Amino acid sequence: MTGGLGRIGVVTFPGSLDDSDARRAVRLAGGEPVELWHRDADLRQVDAVVLPGGFSYGDYLRCGAIARFSPVMEPLLEQARGGMPVLGICNGFQVLCESHLLPGALTRNDHLHFVCRDQRLRVERTDTAWTSDYGQGQEITVPLKNGEGGYVADERTLDSLEAEGRVVFRYVGGNPNGSRRDIAGISNEAGNVVGLMPHPEHAVETLTGPTTDGLGFFTSVLKRLVTA
Amino acid sequence: MARVVVDVMLKPEILDPQGQAVQRALPRLGFEGIADVRQGKRFELDVAEPVTDEALARIRELAETFLANTVIEHYTVRVEEAEGAEGAGAGAAA
């Protein structure tokens, strides 16, 4: 901790859409949002980082493939491996998979349609940096909006994710995109890096979101930073 | 100037909904008997210098780390020259 508030960086790539909502979610949870730019060579001493949703670099090549080589990703990868909490939402999840911080990949939805709906999820793991404020097995509803959100990995990887308890969220009430084993979000082994396709940052106040279920991501990490 | 072609395809076990959509449109267009369609990407790299083994190795590395995501895709790298030089062989698929 560098101050009274947890400083949480939100990276803006060219084509990021949900960076301001992510910063707002940090603020509503009681943290200090810090703008990070994709060309930044350092992380401005933040305590955690959110990679937001959107279409970084126009989704050219593959979703997240070009963002993964942005200058800001170098210190991010290093500090994430050192234990800094990192949350990848939607396009951010794709960037984390392209970076190999998380296993597997996100592919085009099996039905080829862009999905935009309020999605029920089950919280499968509450001991990550981003989910400690939820109850085990709790169901939450947050928006989901993607065209390439089908989570895939080979069977061995899927088996080890299940065995190690690294499936953090599962879709409930219908699989929206063909994700293997209904997986909506996963973590790395240490639990500091979490990625998911749905958007908790859009569900942080009743005026604009379907619920306030997403706020727990941000309060969880802030508590973790206080006790770290 | 030499051209190096990198072809990237989804691995066989990865669902290709785009290819399926193309395949499903074929009967409507009067094309029968096409059992499956897979859609991929082709990159044409025009190389200013002669394509040495070293240059080719670097391009393979580029394909491995950037042009393809070897979690879901495999790739091939080959040199395409006016004189019909031999193909450079297939790249590794992880």
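The values are calculated or read from the model by the stated rules, or taken from the named source; none is laboratory data. From a predicted model like this one, the values you see are computed outputs, not experimental measurements. Please note: Cβ atoms are built from the backbone with ideal geometry, for glycine as well, and neighbour counts cover all protein chains shown. Heavy atoms of the whole protein, side chains included, go into the accessibility calculation; ligands, DNA and RNA do not. Shrake-Rupley method; radii C 1.70, N 1.55, O 1.52, S 1.80 Å.
Before moving on, here are some points about what is shown:
- Residues that are more than 14 Å from every other protein chain (Cβ to nearest Cβ), of a type in the set (S, T, N, Q) and surrounded by fewer than 21 Cβ atoms within 10 Å (Cβ to Cβ) within segment A:24-78 comprise just one, A:Gln45.
- Residues within segment B:1-43 that are touching a Lys or Arg at 6+ places or on another chain (Cβ under 6 Å) and among the acidic types (Asp, Glu), tallied: 2
- Within segment A:109-167, if we keep just the residues that are of a type in the set (D, E, K, R) and open to solvent by less than 30 Å² (accessible area, probe 1.4 Å), the residue that is farthest from A:Ser179 (Cα to Cα) turns out to be A:Arg125.
For every residue, the table says whether it meets (1) in contact with a helix residue (DSSP H, G or I) (Cβ under 8 Å, 6 or more places away or on another chain); (2) modelled with pLDDT of 95 or more.
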residue	(1), (2)
A:Gly4	no, no
A:Val10	yes, yes
A:Asp19	no, yes
A:Ala29	yes, yes
A:Arg39	no, yes
A:Val46	no, yes
A:Leu77	no, yes
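- Within segment B:1-30, the set of residues being open to solvent by 60 Å² or more (accessible area, probe 1.4 Å), within 12 Å of chain A (Cβ to nearest Cβ) and basic (Lys, Arg) comprises just one member, B:Arg24.
- Selection of segment A:173-211 for residues being over 20 Å from A:Arg108 (Cα atoms) and either without any contact (Cβ under 8 Å) to a residue 24 or more places away in the chain or among the hydrophobic types (A, V, I, L, M, F, W, C) (or both) yields A:Ala190, A:Val193, A:Val194, A:Ala203, A:Val204, A:Thr206, A:Leu207, A:Thr208.
- Residue in segment A:87-101 that is over 13 Å from the mean Cα position of the chain (by Cα) and either at positive phi or surrounded by fewer than 18 Cβ atoms within 10 Å (Cβ to Cβ) (or both) present: yes
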